[in-house]
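The values are calculated or read from the model by the stated rules, or taken from the named source; none is laboratory data. Model, not experiment: these values are computed from the prediction. No Cβ is skipped: glycine too gets one built from the backbone with ideal geometry, and neighbour counts run over all protein chains shown. In case anyone asks, the SASA skips ligands and DNA or RNA and just uses the protein heavy atoms, side chains included. Shrake-Rupley method; radii C 1.70, N 1.55, O 1.52, S 1.80 Å.
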Amino acid sequence: MATSFDQSFSKNGNNGDQVGEVRVVSAKLRSVDPSDFNIGNLVSVKFYIAQHNGEDEVLVASRTDITEGVGNNIVLDIDNSNFLDRLIRQPDVRIRMVYVLRHKIDTDAGLHFVLGLSAYPNKQY
């Protein structure tokens, strides 16, 4: 397990070329600042991953039915219909969050997005 994509897939000298069929298997959203921020202040949320310049953008997780009193963390619905091999091998990736607020909020909220990935051996090896 790695702490970032580049440790697993693209550093020189590793076995990144032997990894293939990378897909999303889980996604969570948690408030970190303030830690008790109610994610129910959001009506919906979508997360996209793309190259650093925004090209090849792919939806990876979303939630369109966030209940008002959900609390400070939620499990998101994943979209694993796309392989992410090419994107995660990029030196930089962009994660974009699109959301709809339920109510105006008076504070900046820091959210932690956790994306679980699964990979299989590359069939070329």
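Table: residues versus (1) in contact with a strand residue (DSSP E or B) (Cβ under 8 Å, 6 or more places away or on another chain); (2) farther than 13 Å from Ile39 by Cβ; (3) exposed (fewer than 12 other Cβ atoms within 10 Å of the Cβ).
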site	(1), (2), (3)
Ser62	yes, yes, no
Asp85	yes, yes, no
Val98	yes, yes, yes
Leu101	yes, no, yes
Lys104	no, yes, yes
Leu117	yes, yes, no
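Among what's in the range 87-96 and is surrounded by 15 or more Cβ atoms within 10 Å (Cβ to Cβ) and touching a strand residue (DSSP E or B) at 6+ places or on another chain (Cβ under 7 Å), pick the residue that is nearest to Ser44 (Cα to Cα). Steps first, please.
Going residue by residue through the range 87-96, those that are surrounded by 15 or more Cβ atoms within 10 Å (Cβ to Cβ) are 87-90, 93-94.
Still in the list and also touching a strand residue (DSSP E or B) at 6+ places or on another chain (Cβ under 7 Å): 87-88, 90, 93-94.
Working: Leu87: 25, Ile88: 25, Gln90: 28, Val93: 23, Arg94: 20 Å.
Here the answer is Arg94.
Can you name every residue in the range 64-83 that is part of a strand (DSSP E or B) and either at pLDDT below 95 or open to solvent by 70 Å² or more (accessible area, probe 1.4 Å) (or both)?
In the first step, residues of the range 64-83 are kept if they are part of a strand (DSSP E or B); the result is 73-75, 77-78.
Matches in the range 64-83: Asn73, Val75, Asp77.
Which of (1) open to solvent by 20 Å² or more (accessible area, probe 1.4 Å); (2) more than 18 Å from Asp79 (Cβ to Cβ); (3) part of a strand (DSSP E or B) does Asn53 not meet, given it meets every other one?
The single condition Asn53 does not satisfy is (3).
Out of (1) under 20 Å from Ala27 (Cβ atoms); (2) in a loop (DSSP other than H, G, I, E, B); (3) charged (D, E, K, R), what's the single condition that is false for Arg94?
That leaves (2) as the condition not met.
Name the pairs: first residue in the range 51-65 and over 13 Å from Ile88 (Cα atoms), second residue surrounded by fewer than 14 Cβ atoms within 10 Å (Cβ to Cβ), Cβ to Cβ under 6 Å, at least 6 apart or on different chains?
Ser62/Asp77; Arg63/Asp77
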